[in-house]
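Following: one structure in C-alpha cells, then a few remarks.
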Amino acid sequence: MTGLDRVVYAANHGMTLWMDGVDETTEAVAGYVALAGAVARELAGINAVGVTVEHTGPNVAVHYRRAADEVTARAGIIEAIAASPSARSFRVREGRKVFELRPPLPINKGTALEGLVRRFGMRGLLCLGDDQTDVDMFAAVAQLRDEGLRGVSIAVDSEEATASVRDAADYTVEGVAGTEWLLGELVKVLDGRSP
C-alpha cells in the first residue's frame, strides 16, 4: 500500500512479516488463511447496515463503525460469530467498533515488536497505538525497557479510546493532530533544529 520497499512490515497483528520483498509468514500462520476465508464467507450475511467483513490473510475483522444502529450491529455480529462453525477455530477480540478473529497462536503485536527488536539489535524505539490490540505492544516495550532498551510507548487518544489503552502507555497524544505534532517534533530533533 505504501510503495516503500526498504521498510519492514509486520502486519495482521504480528501474524505476517514482509521484508526485502519476501513474505516471512510462518507455516503455522499460513495454515489459517483458508480457514479465515471460510469465516469471512460465513459472516458475510450479517444482517446489519454498515457492517463490513474484512478477510486479512489469517485474520478476519468485522467492523461496525459505519452502522446506523451500533447496538443492533454489535449484537448481530456476536450472534453471527457464535453461529459460524469456522469461527470456533479462532480467538475473538473486541476493539474499537470491531471484532477481530485471529488464530490461537502465541503471536501478537508485542511478540512481533520483540522479534524485530532482537533481530535488528535495536537500542531504542518509539511505539504508537490507539486500540486494545496495541496493549500487547506497549507491554513488550516495558519489558524490553527493563532489559535495557530505550523505549517509549504512546497511546493515541480519542473519544473511542479505552482507559486500558491509555493506562498501558507511557504517554498519550491527542488524536491524529497530536501524532503529527509528535512526529514533527521528532524530525526537528533528529535534524538538529530543536534545542
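The values are calculated or read from the model by the stated rules, or taken from the named source; none is laboratory data. Just so you know, these numbers come straight off a predicted model, no measurement behind them. A quick note on method: Cβ atoms are made from the backbone with ideal geometry, for glycine too, and the neighbour counts reach across all protein chains shown.
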For this session: May I ask you to say which residue of S153, S164 is outside any helix (DSSP H, G or I) and among the hydroxyl-bearing types (S, T, Y)?
Result: S153
Seminar exercise, completed: In the set R88, R93, R66, R6, the lone residue that is touching a Leu at 6+ places or on another chain (Cβ under 9 Å) and not aromatic (F, W, Y) is R93
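Residue-by-condition table, conditions (1) surrounded by 14 or more Cβ atoms within 10 Å (Cβ to Cβ); (2) touching a Lys or Arg at 6+ places or on another chain (Cβ under 6 Å); (3) among the hydrophobic types (A, V, I, L, M, F, W, C); (4) modelled with pLDDT of 95 or more:
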{"site": "A44", "(1), (2), (3), (4)": "no, no, yes, no"}
{"site": "G57", "(1), (2), (3), (4)": "yes, no, no, no"}
{"site": "R66", "(1), (2), (3), (4)": "no, no, no, no"}
{"site": "G76", "(1), (2), (3), (4)": "yes, no, no, no"}
{"site": "I81", "(1), (2), (3), (4)": "yes, no, yes, yes"}
{"site": "S86", "(1), (2), (3), (4)": "yes, no, no, yes"}
{"site": "V92", "(1), (2), (3), (4)": "yes, no, yes, yes"}
{"site": "V98", "(1), (2), (3), (4)": "yes, no, yes, no"}
{"site": "P103", "(1), (2), (3), (4)": "yes, no, no, yes"}
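Does L116 fit the bill of being under 23 Å from A30 (Cα atoms), among the aliphatic types (A, V, I, L, M) and surrounded by fewer than 20 Cβ atoms within 10 Å (Cβ to Cβ)? Lay out the reasoning, then the answer.
Numbers: under 23 Å from A30 (Cα atoms): yes; among the aliphatic types (A, V, I, L, M): yes; surrounded by fewer than 20 Cβ atoms within 10 Å (Cβ to Cβ): yes.
Yes: the conditions hold for L116.
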Exercise. Surrounded by 19 or more Cβ atoms within 10 Å (Cβ to Cβ), touching a residue at least 24 places away in the same chain (Cβ under 8 Å) and out of contact with any Leu (no Cβ under 6 Å at 6 or more places or on another chain) - does that describe any residue in region 171-179?
Worked result: no
Problem set entry | Hey, R123 in the same structural domain as T162 (by TED's automatic domain parsing) and of a type outside the set (D, E) or not | yes
Exercise. Looking at this structure, is A139 modelled with pLDDT of 95 or more, over 29 Å from V71 (Cβ atoms) and surrounded by fewer than 21 Cβ atoms within 10 Å (Cβ to Cβ)?
Worked result: yes
For this session: Answer yes if at least one residue in region 22-31 is under 18 Å from D131 (Cβ atoms) and either not small (G, A, S) or not assigned by TED's automatic domain parsing to the domain that holds L116 (or both), and no otherwise.
Result: no
Exercise. When region 174-191 is examined, which residues are found to be under 18 Å from the mean Cα position of the chain (by Cα) and either under 22 Å from G124 (Cβ atoms) or not assigned by TED's automatic domain parsing to the domain that holds A139 (or both)?
Worked result: T179
Problem set entry | Filter pass, A34 being surrounded by 12 or more Cβ atoms within 10 Å (Cβ to Cβ), more than 16 Å from D131 (Cβ to Cβ) and out of contact with any strand residue (DSSP E or B) (no Cβ under 7 Å at 6 or more places or on another chain) | no
Seminar exercise, completed: Going through region 142-170 in order, the residues found to be without any contact (Cβ under 8 Å) to a residue 24 or more places away in the chain and surrounded by fewer than 12 Cβ atoms within 10 Å (Cβ to Cβ) are D146, E147, G148, E159, A163, D167
